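Remarks on the structure that follows.
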Amino acid sequence: MTGLIIGLLLAAFVTLALGVFNIQWNFFVKAIHRATTSTRQIALTFDDGPHPTYTPQVLTQLEKYGIQATFFCIGKHAATYPHLIKELHRRDHVVGNHSFTHASTIDFHTRTKWLMEIQQTDGVIEQTLGKRPRFFRPPYGVTTPHLAKALKETNHAIIGWRVRPYDTLNRSSEQIVRTILRKTKPGDIILLHDTHERIVPVLEQLLPALKHRKFDMVTVENLIQQDAYKQD
Ligand SMILES: [Zn+2]
């Protein structure tokens, strides 16, 4: 009997731990990972920028293929490089909120601290673009009950991903591209980062390969048919 109880407790604990660490489980917050679509639309997303060196290079690649993407920006970087936020917007890409600090201890934030992270970043983007983002992506894809409570107040749409090639880890650009091409299906949201030098060779191979497979790369706003900015 005791064994059974311990077993059940263990199972509950494992479920909870996986819920915290895997955004795709929709455990504490309901996140959007893909769209149901009859077309071949997909959305490329770039996290953790803007970066003074790599974001402009990513923009050049996207422009070359006439592609619109979504950038989940860290508030403190947006505050340092407002001209890059303006440039993203000017080129019809979408800017989303990815917290202010992206601190490694962010999972331990209380509701109040989460609210600060989210509202500070909204504030920087609003000051720069005159628009407040509606899309939020949790750093590390981690969701906690405290974040869920904060998001209930801020009313953001939570954007996850379905394809994650781990492009910031020590993998070659060929490996990263292969993973994406193998996994991507119509309607998918793909997680990339505009913060490392490999993103350029990745995009040089990936964008023509996705085009060749007849994928139509659009913003998350167009993919899921929801406004990227708040209307009030
Ligand atoms: Zn991130």
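Nothing in this text is a laboratory measurement; each read-out follows from the coordinates by a stated rule. Values in this document were obtained by computation on a predicted structure and should not be read as measured data. No Cβ is skipped: glycine too gets one built from the backbone with ideal geometry, and neighbour counts run over all protein chains shown.
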Subset of segment 34-49 (residues that are assigned to a loop (DSSP other than H, G, I, E, B), more than 16 Å from the ligand (Cβ to nearest atom) and buried (at least 19 other Cβ atoms within 10 Å of the Cβ)): ALA35
Residues that are closer than 19 Å to ASP47 by Cα and either free of Cβ contacts under 8 Å to residues at least 24 places away in the same chain or part of a helix (DSSP H, G or I) (or both), drawn from segment 124-150: VAL124, ILE125, GLU126, THR128, LEU129, PRO139, TYR140, GLY141, LEU147
Filter result for THR121 (within 16 Å of the ligand (Cβ to nearest atom) and within 25 Å of ASP167 (Cβ to Cβ)): yes
Search result, residues across segment 61-79 that are under 16 Å from ASP47 (Cα atoms) and assigned to a helix (DSSP H, G or I): LEU62, GLY75, LYS76, HIS77, ALA78, ALA79
Complete set of residues in segment 86-114 that are in a helix (DSSP H, G or I), in contact with a helix residue (DSSP H, G or I) (Cβ under 6 Å, 6 or more places away or on another chain) and of a type in the set (A, V, I, L, M, F, W, C): ILE106, TRP114
Restricting segment 75-127 to residues that are touching a Gly at 6+ places or on another chain (Cβ under 7 Å) and within 23 Å of ILE190 (Cα to Cα), the residue that is surrounded by the most Cβ atoms within 10 Å (Cβ to Cβ): THR121
